[in-house]
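Trainee: Next up is a structure, given as C-alpha cells.
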Ligand code: XIL
C-alpha cells in the first residue's frame, strides 16, 4: 500500500502542474471576470470578414470602441455628406450583441478630411462646420452610443493647446464649445476628453486636469477622462497609478481608453519577441489593472479598453513595420500570457 502511494505521488504532482488550476476559471471570459466594463477597439472590416476576430470580440469584451469608423475623415466625406455605412454596421453589431458602445472621436486633428483641410471660410463658417459635425453625428447615434470622446489630443506635452486647424480657426475656447454642442445634441450621452502619455507628461496631465476643473466651474458639461495608455513594458507602474489617482480626484469617470503594451519600445527593425519580454508584458497588464482598481473609486470606473484584438491587428505594428506583440491575443487569436496577466488581476 505504501509503495503504491509513493508511486502515485509523482504522477499527481505532474498532473497538478500541467492541468489548469481551476477549470471553471479557465472557461471564464474577460467580461465575466471584470468588475467593470472591459472593452476593445474594433475595426469594422475585420469584424465583418474574419469570424475568429468577431468571435473573440463577442466572447471576451463587454464594451466596444470604434477604432476608426466614427472619425470625421470616415464620416464626413464631402460638405454636408455623410457616409454612415461602417459606423452603422459597428453600432448595429454592438446593439445586437448587447455591448456598450463608446464613440471615438468627434474632434481630432489627425482625422480631418482633405476637403476640410482646404476649406475656405471665416471663423463663423469654421465654427458652424465643426458644430454641425458634432451635432449631426451625436444625433444620428442618439440612444445607441452611450459615450463619446468629444475632443481627442488637444494638448501638447508642455500643457499648451495643440496648434491644430481647430485652434487656428476657432480660438482658444473651442474645446469648451465642442462639449456644449455635444450636450445640446444629446443631454443623456456621456462626454469624455481623451489624451495620451498623461502618466509621463506631467505638464500635459496638469493642463487636462485644470481644463476639467475649469469646465466644472463654468458649468461646461463633461463626464469623463480617457487615458489612452499606449505604453510599453518599461513604463513606470507607480507613475501610472499616481496619474489615475490624480485624474480620479476630478470626480469624473476614468476610462483607460486605448491600452496596448509594446515590447519593442525603441522600434528596432530586427527585434526579437522573446518569452522573457512576454512575461514582462503579462506583469505589466496585471499592474495596470491593479493600479486602476486601487486608484479609481468604483463608481468612477468606466472601464479598460484594449486597442485591438490580435497582435497583427495593432496599428502600432502596422505603423512601425517593426516586430512587436502589444495585445492580449496572438496573430491567430490565441490567448497570450498578457491575457493571463489581465485575467488574473481582474479576478483578484
Ligand atoms: C489609430 C488607429 O488605430 C489606426 O488604425 C489609424 O490609422 C490611426 O488612428 N490615438 C487615438 C486613436 O486616439 O484614434 C489612434 O487610432 C491611435 C492613437
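Trainee: Every residue in the range 238-268 that is within 26 Å of residue 67 (Cα to Cα) and surrounded by fewer than 16 Cβ atoms within 10 Å (Cβ to Cβ), please.
Mentor: Correct list: 265, 266, 267, 268.
Trainee: In the range 186-208, how many are surrounded by fewer than 18 Cβ atoms within 10 Å (Cβ to Cβ) and not in a loop (DSSP other than H, G, I, E, B)?
Mentor: Selection size over the range 186-208: 3.
Trainee: Can you find even one residue in the range 120-131 that is closer than 28 Å to residue 301 by Cα and either over 21 Å from the mean Cα position of the chain (by Cα) or free of Cβ contacts under 8 Å to residues at least 40 places away in the same chain (or both)?
Mentor: Checked against the condition, which is being closer than 28 Å to residue 301 by Cα and either over 21 Å from the mean Cα position of the chain (by Cα) or free of Cβ contacts under 8 Å to residues at least 40 places away in the same chain (or both), the range 120-131 yields no hits at all.
Trainee: Report, by residue number, each residue of the range 93-129 that is part of a helix (DSSP H, G or I) and surrounded by fewer than 11 Cβ atoms within 10 Å (Cβ to Cβ).
Mentor: Matches in the range 93-129: 96, 114, 117, 124.
Trainee: Still on this structure, please answer the following. I'd like to verify a number: residues in the range 311-320 that are away from the ligand (no atom under 12 Å from the Cβ) and touching a helix residue (DSSP H, G or I) at 6+ places or on another chain (Cβ under 7 Å), how many?
Mentor: Total meeting the criteria: 1.
Trainee: Based on this model, can you work out whether residue 130 counts as farther than 18 Å from residue 188 by Cα and at pLDDT 95 or above?
Mentor: yes
Trainee: Here are some residues: 64, 90, 21, 47. Which one is over 20 Å from residue 328 (Cα atoms) and either at pLDDT 95 or above or in a helix (DSSP H, G or I) (or both)?
Mentor: So the residue among 64, 90, 21, 47 that is over 20 Å from residue 328 (Cα atoms) and either at pLDDT 95 or above or in a helix (DSSP H, G or I) (or both) is 90.
Trainee: Which is touching a residue at least 12 places away in the same chain (Cβ under 8 Å), surrounded by fewer than 21 Cβ atoms within 10 Å (Cβ to Cβ) and either away from the ligand (no atom under 16 Å from the Cβ) or on the phi < 0 side of the Ramachandran plot (or both), of 62, 147?
Mentor: Result: 62 is the single residue among 62, 147 that is touching a residue at least 12 places away in the same chain (Cβ under 8 Å), surrounded by fewer than 21 Cβ atoms within 10 Å (Cβ to Cβ) and either away from the ligand (no atom under 16 Å from the Cβ) or on the phi < 0 side of the Ramachandran plot (or both).
Trainee: If I filter the range 295-305 down to residues being in contact with a helix residue (DSSP H, G or I) (Cβ under 8 Å, 6 or more places away or on another chain) and closer than 16 Å to residue 37 by Cα, which single residue comes out as farthest from the ligand (Cβ to nearest atom)?
Mentor: Here the residue is 297.
Trainee: Any residue at all in the range 253-264 that is more than 23 Å from residue 56 (Cα to Cα), within 16 Å of the ligand (Cβ to nearest atom), without any contact (Cβ under 8 Å) to a residue 60 or more places away in the chain and touching a helix residue (DSSP H, G or I) at 6+ places or on another chain (Cβ under 8 Å)?
Mentor: There is no residue in the range 253-264 that is more than 23 Å from residue 56 (Cα to Cα), within 16 Å of the ligand (Cβ to nearest atom), without any contact (Cβ under 8 Å) to a residue 60 or more places away in the chain and touching a helix residue (DSSP H, G or I) at 6+ places or on another chain (Cβ under 8 Å).
Trainee: Among the residues of the range 292-345 satisfying the criterion of being at pLDDT 95 or above and at positive phi, which is farthest from the chain's Cα centre (by Cα)?
Mentor: 333
Trainee: Let me ask you something else. Picking from 275, 237, 270, which residue would you name as being more than 30 Å from residue 187 (Cβ to Cβ), more than 16 Å from the ligand (Cβ to nearest atom) and in contact with a helix residue (DSSP H, G or I) (Cβ under 6 Å, 6 or more places away or on another chain)?
Mentor: So the residue among 275, 237, 270 that is more than 30 Å from residue 187 (Cβ to Cβ), more than 16 Å from the ligand (Cβ to nearest atom) and in contact with a helix residue (DSSP H, G or I) (Cβ under 6 Å, 6 or more places away or on another chain) is 237.
Trainee: With (1) more than 16 Å from the ligand (Cβ to nearest atom); (2) in contact with a strand residue (DSSP E or B) (Cβ under 8 Å, 6 or more places away or on another chain); (3) within 22 Å of residue 195 (Cα to Cα); (4) not in a loop (DSSP other than H, G, I, E, B) as the list, and residue 281 as the residue in question, which single condition is left unmet?
Mentor: It fails just one condition, (3).
The values are calculated or read from the model by the stated rules, or taken from the named source; none is laboratory data. In this text the structure is predicted, and so the values were computed from the model without any measurement. Heads up, the Cβs are rebuilt from the backbone with ideal geometry, glycines too, and the neighbour counts pull from every protein chain shown.
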